[in-house]
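The next block holds one structure in the form of structure tokens; read it before the comments.
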Amino acid sequence: MIRIQLKPRNQWQQKVEELGFGFHSTEGTYWDESAAYIFKLKEIEAIEKATNTLWEMCLEAVQYVIDKKLYRQFAIPDYIIPYIESSWNNDVPSIYGRFDLGYANGKIKLLEFNADTPTSLYEAGIIQWFWLQDFDAKKDQFNSIHEKLIAYWSNLKPYLNAGLLHFACVKDSLEDLTNTEYLRDCAIQAGLNTKLIFIEELGWDLDNELFVDIENTPISNIFKLYPWEWLVHEEFGQNIIKDKNHICWIEPAWKMILSNKAILEVLWQLYPNHEYLLNTSYTSNGMNTYVKKPLLSREGANITIVNDHKIIEESQGEYGEEGFVYQEYMNLENDFGQVALIGSWIIGGEAAGIGIRESKSKITDNTSRFIPHYIEH
């Protein structure tokens with residue numbers, strides 16, 4: 001994994017905007033093609049193997065949490081537990097997730113799993129692929145995201161209820177809208193009938209006890225780019241267990257377990273000293289160098305990095321009320337003074353490609369840049 005510096009394409013902003021990528025420079029440069037990462041094929045194969053293995057480990061961990069009733073460790077409300085278990089026992093399907101991996105000195109380690117509402121999908125699946133065609137179309141990339149999304153939406157048809165597949169995200173986020181519309185486009189290409197709504201437009205028909213959209217169309221299936229932990233803690237979310245239409249939610253409710261950083265502690269207990277895991281517990285547990293992470297947080301908020309008992313970096317935010325985990329620290333800073341994190345996508349249960357986020361900060365947040373990659377055979 002080597003970083004090289006490059007000259008950006010002429011009028012690259014126009015090129016990515018023509019692809020529907022409008023947030024390339026939000027709060028500074030986000031899409032950054034002044035650099036790229038080069039991987040050897042054996043490195044890509046190692047990442048692919050790690051991603052598939054971690055997915056299988058995560059499924060085992062979900063079963064363990066359910067069997068042992070560990071919901072309190074995840075701060076999951078009691079009322080939604082039977083619904084979570086039902087979604088798991090009925091094999092309600094999952095489309096995707098993104099493992100955030102550290103890769104240094106030949107070692108691959110799981111930092112966390114964005115299992116419920118991961119973004120940067122469009123950048124990874126489409127934008128960096130078209131960049132590669134302009135840079136050198138003869139080169140390859142670890143990127144079958146687009147093909148796997150279309151194929152898996154097609155595979156999901158028998159699992160869905162009759163009726164439309166709604167796609168929902170918050171109204172005021174261009175990033176969320178872009179990722180949601182991309183997923184919807186893949187579903188359309190797979191032959192599904194879809195409709196876009198904003199999460200704020202999701203309504204409840206009190207008389208018939210079912211969810212409806214803004215035009216009062218009953219909702220049978222819905223993909224929501226909106227966190228489960230927000231939904232189930234809102235009064236409106238309690239209608240989920242009353243819903244007589246039995247909506248097929250994507251991502252499914254059992255993903256609430258995997259999107260919570262308490263899963264990192266469970267994985268370590270199930271697979272101690274595993275080659276892909278970092279020591280993680282609910283206390284610092286004798287560690288003098290670690291990362292303190294809230295069970296529920298987003299975009300790098302409320303993270304504290306401690307080295308030899310001293311705080312070397314921390315971020316602010318509104319998370320942490322539910323508790324924290326303490327994870328062994330992995331130094332990812334390279335020779336360019338950059339910290340690169342690999343987002344490895346799992347789609348339909350298979351490794352599908354990667355995207356790289358980079359920052360001078362040790363904490364990856366919403367200001368970290370997206371850097372393309374290619375494979376050097």
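Numbers for the structure displayed
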item	result
Search result, residues across the stretch 134-155 that are closer than 16 Å to Asn179 by Cα and not aliphatic (A, V, I, L, M)	His146, Glu147, Lys148, Trp153
Evaluation of Glu313 against (1) assigned to a strand (DSSP E or B); (2) more than 20 Å from Glu48 (Cα to Cα); (3) modelled with pLDDT of 95 or more; (4) not polar (S, T, N, Q) (one fails), failing number	(3)
Selection within the stretch 18-44 - surrounded by 13 or more Cβ atoms within 10 Å (Cβ to Cβ) and either assigned to a helix (DSSP H, G or I) or basic (Lys, Arg) (or both)	Lys40, Glu43, Ile44
Qualifying positions in the stretch 108-126 - modelled with pLDDT of 95 or more and within 19 Å of Trp55 (Cβ to Cβ)	Ile108, Lys109, Leu110, Leu111, Glu112, Phe113, Asn114, Ala115, Asp116, Leu121, Ala124, Gly125
The lone exception for Tyr64 - which of (1) more than 14 Å from Trp254 (Cα to Cα); (2) touching a helix residue (DSSP H, G or I) at 6+ places or on another chain (Cβ under 9 Å); (3) among the aromatic types (Phe, Trp, Tyr) it fails	(1)
Count of residues meeting criterion [loosely packed, with under 14 Cβ neighbours inside 10 Å and among the charged types (D, E, K, R)] in the stretch 1-17	2
Search result, residues across the stretch 124-147 that are buried (at least 21 other Cβ atoms within 10 Å of the Cβ), touching a helix residue (DSSP H, G or I) at 6+ places or on another chain (Cβ under 9 Å) and assigned to a helix (DSSP H, G or I)	Ala124, Gly125, Ile127, Trp131, Ile145, His146
Selected residue (criterion: farthest from Tyr96 (Cα to Cα)) from residues of the stretch 154-211 that are in a loop (DSSP other than H, G, I, E, B) and of a type in the set (D, E, K, R)	Asp207
Residues of the stretch 342-367 satisfying the condition of being in a strand (DSSP E or B), modelled with pLDDT of 95 or more and surrounded by fewer than 19 Cβ atoms within 10 Å (Cβ to Cβ)	Glu350
Cross-chain or 6+ apart pairs with Cβ under 7 Å, the stretch 60-76 first and aromatic (Phe, Trp, Tyr), then in a helix (DSSP H, G or I)	Tyr64/Val266; Tyr64/Leu270; Tyr71/Ile81; Phe74/Ile257; Phe74/Ala262
Residue that is buried (at least 18 other Cβ atoms within 10 Å of the Cβ), closer than 30 Å to Tyr290 by Cα and out of contact with any Gly (no Cβ under 6 Å at 6 or more places or on another chain), where the choices are Leu121, Leu183, Leu164, Leu177	Leu121
Test result for Ser259, closer than 20 Å to Asn52 by Cα, crowded, with 18+ Cβ neighbours inside 10 Å and among the small types (Gly, Ala, Ser)	yes
Failed criterion for Ser94 (all others in (1) among the small types (Gly, Ala, Ser); (2) farther than 30 Å from Lys362 by Cα; (3) surrounded by fewer than 21 Cβ atoms within 10 Å (Cβ to Cβ) hold)	(3)
Residues satisfying the stated conditions in the stretch 79-96, i.e. at pLDDT 95 or above, touching a Phe, Trp or Tyr at 6+ places or on another chain (Cβ under 6 Å) and of a type outside the set (Val, Ile, Thr)	Ser87, Trp88
Residue check for Tyr326: hydroxyl-bearing (Ser, Thr, Tyr) and either surrounded by fewer than 18 Cβ atoms within 10 Å (Cβ to Cβ) or in contact with a His (Cβ under 6 Å, 6 or more places away or on another chain) (or both)	no
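The values are calculated or read from the model by the stated rules, or taken from the named source; none is laboratory data. In this text, all values refer to a predicted model and were calculated from it rather than measured experimentally. All Cβ positions, glycine included, derive from the backbone under ideal geometry; neighbour counts span all protein chains shown.
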